[in-house]
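Worksheet: one structure, shown below.
Just so you know, all these numbers are worked out from the coordinates, no wet-lab data involved. Given the structure is predicted, the values throughout are model-derived calculations rather than measurements. We place every Cβ from the backbone using ideal geometry, glycine too, and count neighbours over all the protein chains shown.
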Amino acid sequence: MTNAEKMDTSKKHENLVAYEGVELLSNFSPSEFERYCDHKLSTCDKHIQFIKNYCLSSNWQGVVCEVGSGNSKLLYRLELEKLLTCGYGVEASYSRYQFAQKFKNYVASTKVKNINSDLFDLQPLQQCDMIIGVDVILQLISPMSDNAEQQLLSWCFTSLKEQGYLLLEMVDYSSIVAQLPLNDGMLQTWKKFPHSDPFEYILCKVFENENRDLRWEKTFLKRNSLDKEYSTNILRPYSKSQIINLLKETGFAQVSIFDKWCDDGEVDDNGEYIVLAQK
């Protein structure tokens with residue numbers, strides 16, 4: 001276990017604490033692990049198509065870093081597609097890092113290095129073709145401190161080679177923010193997970209905190225069990241114009257917004273959109 005994992009959780013931001021214990025290997029039998037990994041790889045179809053459509057060029061060398069890489073499914077999928085020569089997955093959660101390492105063996109990856117660390121404890125990389133931040137990673141990191149937003153964007157910019165890409169998956173939370181005053185300041189939602197997941201349902205309570213960020217309190221209901229697990233995320237809502245301005249202020253030459261991952265895909269009902277910034 002890393003020093004970061006041993007730290008008193010009371011001293012860590014809620015967004016770090018939330019992912020400790022996620023994808024815990026003890027929750028999966030061997031067959032469940034394989035089925036779960038296969039499903040996760042299949043969910044990367046849209047990312048792969050997008051990267052092929054918009055990011056590959058004659059100077060693509062296949063050096064890719066994913067920030068908040070989780071189980072590293074997207075890096076493994078890039079390797080399987082022969083689009084990766086060297087991949088770095090940076091993940092603060094020790095349980096997710098452990099899962100990624102076993103996942104690495106499952107897919108026989110030889111080109112991905114998983115790093116269990118807080119991003120801000122790492123020096124920027126060099127000459128990356130792409131930095132990836134999916135699953136609202138910018139919106140999770142930004143609330144963690146007054147300068148976390150700029151630290152993250154500067155780290156990514158420095159790590160990229162000229163004409164390299166930063167790929168961000170964001171969510172427009174404006175519809176949720178608009179619903180809060182209509183529901184006494186709190187929105188409650190639920191969602192069912194695919195059968196490959198050890199949890200069957202997630203129940204959420206959403207409201208604004210003192211910084212106007214969204215506090216997302218989650219209850220996970222385990223499949224075929226009465227067990228429950230709890231976590232909280234703090235998410236920063238950005239408008240599209242805000243994120244464009246932030247990236248240009250960081251130094252990115254081109255910033256494009258896409259409402260969906262692929263041409264034949266549907267626009268996400270929850271407000272997902274993709275930001276592609278070129279250095």
Problem set entry | Share, in percent, of DSSP beta bridges within the chain that are antiparallel, nearest 5 | 65
Seminar exercise, completed: Residues whose built amide H sits under 5 Å from the amide H of Glu272, excluding neighbours closer than 5 in sequence, are Asp172
Exercise. What would the Debye formula give as log10 I(q)/I(0) at q = 0.22 Å⁻¹ for the alpha-carbon point model of the stretch 184-231, no solvent?
Worked result: -0.76
Exercise. Tell me, in nm to one decimal, what length is gained between Glu81 and Ser175 on full extension, where the rule is 0.36 nm per residue of separation less the Cα-Cα distance?
Worked result: 30.2 nm
Problem set entry | Max mean-square fluctuation residue, GNM over the chain, Cα-Cα springs under 10 Å, options Ser239, Ser225, Ser58 | Ser58
Problem set entry | Linear extension gain, Gln127 paired with Asp146, 0.36 nm per residue minus alpha-carbon span | 4.0 nm
Problem set entry | Share of Cα-Cα pairs in the stretch 144-278 lying beyond 19 Å, as whole percent | 62
Seminar exercise, completed: Note: the stretch 185-264, point scatterers on Cα, Debye, no solvent; log10 I/I(0) at q = 0.26 Å⁻¹ equals -1.11
For this session: Express in nm, to one decimal, how much length is gained between Leu56 and Ser117 on full extension, taking 0.36 nm for each residue of separation and deducting their alpha carbon distance.
Result: 19.1 nm
Exercise. Which percent of Cα-Cα pairs in the chain sits in each 5 Å bin, short to long?
Worked result: 1, 5, 11, 16, 19, 19, 15, 9, 3, 1, 0
For this session: Calculate for the chain the 222 nm mean residue ellipticity that helices alone would give, adding -39,500 (n - 2.57) per DSSP H run of length 4 or more and normalising by residue count, nearest 500 deg cm²/dmol.
Result: -8500 deg cm²/dmol
Seminar exercise, completed: Pairs over 20 Å Cα to Cα, from Lys82/Lys279; Lys52/Lys104; Lys40/Lys104, come to Lys82/Lys279; Lys52/Lys104
Exercise. Taking R0 as 35 Å, what's the FRET efficiency between Asn209 and Ser241 from their Cβ-Cβ distance, rounded to 0.05?
Worked result: 0.95
Problem set entry | Candidates Asp184, Asp172, Asp259, ranked by Gaussian network fluctuation over the chain, Cα under 10 Å, top entry | Asp184
